[in-house]
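Notes follow once the structure below has been shown.
The values are calculated or read from the model by the stated rules, or taken from the named source; none is laboratory data. On a predicted model such as this, the values are computed, not experimentally measured, just so you know. Glycine gets a Cβ as well: all are built from the backbone with ideal geometry, and neighbour counts include every protein chain shown.
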Amino acid sequence: MTVLMIISPKNRPVFEAVIPANSLSERQLILSQLAIFAALDMVDEAMWSSKDLYLKVVDRFNDQSVSAFVTPGNHRFMLLHDSRQDDGLKTFFNKLYEFFIKIALNPFYDDEEPVRSKAFSDRVRHLAQEYL
């Protein structure tokens with residue numbers, strides 16, 4: 001079970017994906033969201049001490065880890081996962097960032113509004129299957 005959230009600079013979730021789809025109960029999803037939002041403070045601290053966009057594991061919740069990637073525009077990609085593959089995670093985040101840039105470059109996209117593109121969601125799920 002993996003949960004991905006993209007958080008805007010004003011701490012609003014703009015994208016969320018549970019991988020594989022429908023693998024969590026409503027209670028588990030709420031706990032996952034809580035773990036990700038609790039890790040935001042750790043991300044804010046870690047991003048000032050690192051020059052890299054990929055911050056690796058910033059927090060742990062039960063037997064799962066929260067990894068983060070911060071874009072230059074201050075969007076945070078947060079991944080709650082049980083994977084131990086650091087190389088796969090880094091590649092996943094870099095490719096996700098490439099897809100997100102294509103969304104963000106749309107002149108009609110507002111960076112505080114949710115990403116509703118089915119194509120983006122499908123690409124994220126494909127990336128997750130490939131690298132996580």
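Residues in region 95-132 that are aromatic (Phe, Trp, Tyr) and over 15 Å from the mean Cα position of the chain (by Cα): 108, 109. The test for being surrounded by 12 or more Cβ atoms within 10 Å (Cβ to Cβ), at pLDDT 90 or above and not in a helix (DSSP H, G or I) holds for residue 66.
Summed over region 108-122, the residues that are exposed (fewer than 13 other Cβ atoms within 10 Å of the Cβ) and part of a loop (DSSP other than H, G, I, E, B) give a count of 5. If I go through region 69-96 residue by residue, how many of them are of a type in the set (Phe, Trp, Tyr) and part of a strand (DSSP E or B)? Counting residues in region 69-96 that are of a type in the set (Phe, Trp, Tyr) and part of a strand (DSSP E or B) gives 2. Give the number of residues within region 1-42 that are part of a loop (DSSP other than H, G, I, E, B), modelled with pLDDT under 90 and surrounded by 13 or more Cβ atoms within 10 Å (Cβ to Cβ). Counting residues in region 1-42 that are part of a loop (DSSP other than H, G, I, E, B), modelled with pLDDT under 90 and surrounded by 13 or more Cβ atoms within 10 Å (Cβ to Cβ) gives 2. Just one of (1) at pLDDT below 90; (2) surrounded by 15 or more Cβ atoms within 10 Å (Cβ to Cβ) fails for residue 85. It is (2).
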